[in-house]
Amino acid sequence: MWCHRLFHLQSRLQNVLKGQVICWALQQFNSKSLFPLAIRWHHTTSKSLNCAWQQHEDHFELQYANTVMRFDYVWLRDHCHSASCYNSQTHQRSLDTASVDLCIKPKTIHLDETTLFFTWPDGHVTRYDLEWLLKNSYEGQKQKIIQPRILWNAEIYQQAQISPINFQSFLETNEGLKEFLKNFLLYGIAFVDNVPPTQEHTEKLAGRISLIRETIYGRMWCFTSDFSRGDTAYTKLALDRHTDTTYFQEPCGVQVFHCLKHEGTGGRTLLVDGFYAAEQVLQKSPEEFELLSQVPLQHEYIENVGKRHNHMIGAGPLLNIYPWNKELYLIRYNNYDRAVINTVPYDVVHRWYAAHRTLTKELRRPENEFWVKLKPGRVLFIDNWRVLHGRESFTGYRQLCGCYLTRDDMLNTARLLGLQA
Ligand SMILES: C[N+](C)(C)CCCC[C@H](N)C(=O)O
Ligand SMILES: O=C(O)CCC(=O)C(=O)O
Ligand SMILES: [Fe+2]
């Protein structure tokens with residue numbers, strides 16, 4: 001359209017002729033008599049040369065930093081950061097959003113340097129920094145990855161040669177902690193070395209990155225193959241790859257393992273990057289990926305052993321993705337604990353089983369399996385929303401201690417250290 005032609009002409013001129021000619025061009029564009037249709041487009045000089053905006057009937061359109069953004073007027077009013085609408089000390093909104101007229105439109109708009117000023121019908125003025133709008137617009141945000149990751153199979157992980165963080169530096173320096181969290185966020189697993197092999201030291205370690213998440217298994221747990229609980233984990237049997245606590249509405253974010261003792265054979269730990277496998281499914285069979293991310297089902301934990309009585313149910317799809325950018329953030333995969341499927345009709349069920357098979361095949365590829373023998377002194381942290389774990393059957397006495405962590409608090413620690421999370 002005409003308006004867009006103007007815009008392109010402007011940026012072309014800008015590239016070819018630079019600043020001073022633009023001022024001329026802008027005057028022309030804003031002149032009613034020469035270009036009658038251009039009156040609703042506003043261009044600007046100075047720093048933000050390539051900024052233009054238009055006030056539409058039901059939204060505000062802004063072109064800035066090579067991005068076309070569209071803002072709803074209620075959204076704009078709702079995001080006013082004036083002293084009466086927003087408490088900048090607590091970073092909380094004071095404005096009652098429900099009191100904003102859903103048909104609100106600004107009376108006037110003007111730009112000063114890099115700030116847009118909106119005057120609303122009641123005279124209230126809102127200022128928006130152009131950079132702030134760019135950073136917080138849907139168009140600017142939808143491309144952004146929330147959590148950068150390196151997806152791995154055994155070879156990729158081993159070639160990365162990530163060294164375990166030393167216990168001392170993990171506990172005593174922010175650099176050590178940051179290095180650890182950086183690796184943990186990128187790969188979904190990380191090790192700490194030279195930890196005294198006790199439950200107390202393991203707890204101290206865990207507390208450094210997050211609050212411990214207490215569950216039906218306790219706060220810190222220390223288990224052997226004594227079948228003290230109604231779960232296969234408390235035996236010597238092999239356990240196929242899985243994530244834990246799929247039967248919680250929100251599965252535990254992080255799992256910590258510290259093998260305090262093993263006098264016997266076997267018992268190696270298996271680790272598989274669930275996101276790497278899911279990515280393969282997405283590449284090879286996008287419809288199946290979509291199905292796995294849309295069909296909700298339940299996982300369940302029913303325990304009746306001795307005095308222990310528990311019944312937990314968690315519902316959700318196997319793959320959880322953010323709707324706005326399709327980024328995968330949680331895999332819930334535990335074939336042992338998957339409950340009766342009664343949430344979808346038979347034909348969808350059949351397609352779901354096929355998709356589940358595709359994912360399972362990827363998860364079971366030997367090249368995706370990273371095997372490690374846990375030893376006293378080396379603590380393993382697993383992102384339970386991403387990396388599956390399993391174990392080989394074993395003989396002899398084996399004692400594993402650890403805990404679950406709350407994901408929010410781990411991410412909080414990471415952000416405070418300046419990491420993207
Ligand atoms: C032993 N420990 C407390 C670590 C976990 C036991 C939970 C095992 C359960 N099947 C699940 O996958 O959630
Ligand atoms: O025994 C192990 O190595 C792990 C068992 C397990 O899957 C768990 O405790 O969650
Ligand atoms: Fe487990």
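The values are calculated or read from the model by the stated rules, or taken from the named source; none is laboratory data. Being a predicted model, the structure only gives us computed values, none of them experimental. Neighbour counts run over all protein chains shown; Cβ positions are idealised from the backbone, glycine included.
Each row is one residue, and each column tells you yes or no for (1) in contact (Cβ under 8 Å) with a residue 24 or more places away in the chain; (2) among the hydrophobic types (A, V, I, L, M, F, W, C).
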position: 307; (1), (2): no, no
position: 317; (1), (2): yes, no
position: 327; (1), (2): yes, no
position: 339; (1), (2): yes, yes
position: 355; (1), (2): yes, yes
Seminar exercise, completed: Among strands (runs of 3 or more DSSP E) entirely within the range 43-115, at least 1 residues that are out of contact with any helix residue (DSSP H, G or I) (no Cβ under 8 Å at 6 or more places or on another chain) and touching a residue at least 24 places away in the same chain (Cβ under 8 Å) occur in 52-55, 108-112
Problem set entry | residue 388 vs. criteria closer than 23 Å to residue 223 by Cβ and either more than 27 Å from the chain's Cα centre (by Cα) or away from ligand 2 (no atom under 13 Å from the Cβ) (or both) | no
Exercise. Is it true that some residue in the range 199-221 is among the aromatic types (Phe, Trp, Tyr) and more than 11 Å from ligand 1 (Cβ to nearest atom)?
Worked result: no
Problem set entry | Boolean, residue 406 is over 17 Å from residue 225 (Cα atoms), buried (at least 17 other Cβ atoms within 10 Å of the Cβ) and within 16 Å of ligand 1 (Cβ to nearest atom) | yes
For this session: Please specify each residue of the range 313-337 satisfying the condition of being within 17 Å of residue 283 (Cα to Cα) and at pLDDT below 95.
Result: 325, 326
Exercise. Are any residues in the range 238-254 crowded, with 23+ Cβ neighbours inside 10 Å and polar (S, T, N, Q), and if so, which ones?
Worked result: 243, 245, 246
Problem set entry | the range 246-299 - residue that is more than 16 Å from ligand 2 (Cβ to nearest atom) and over 22 Å from residue 364 (Cβ atoms) and, of those, nearest to the chain's Cα centre (by Cα) | 250
Exercise. Which one of these is at pLDDT below 95 and either away from ligand 2 (no atom under 13 Å from the Cβ) or buried (at least 17 other Cβ atoms within 10 Å of the Cβ) (or both): 230, 188?
Worked result: 230
For this session: Residue by residue through the range 226-279, note down the ones that are away from ligand 3 (no atom under 12 Å from the Cβ), outside any loop (DSSP other than H, G, I, E, B) and not hydrophobic (A, V, I, L, M, F, W, C).
Result: 258, 261, 262, 263, 266, 273, 274, 276, 279
Exercise. When you scan the range 124-169 for helices (runs of 4 or more DSSP H) that lie fully inside it, which ones turn up with 1 or more residues that are out of contact with any helix residue (DSSP H, G or I) (no Cβ under 9 Å at 6 or more places or on another chain), modelled with pLDDT of 95 or more and surrounded by fewer than 17 Cβ atoms within 10 Å (Cβ to Cβ)?
Worked result: 130-136, 154-159
Seminar exercise, completed: Residue count, the range 191-222, condition away from ligand 3 (no atom under 16 Å from the Cβ), surrounded by fewer than 18 Cβ atoms within 10 Å (Cβ to Cβ) and of a type in the set (A, V, I, L, M), comes to 1
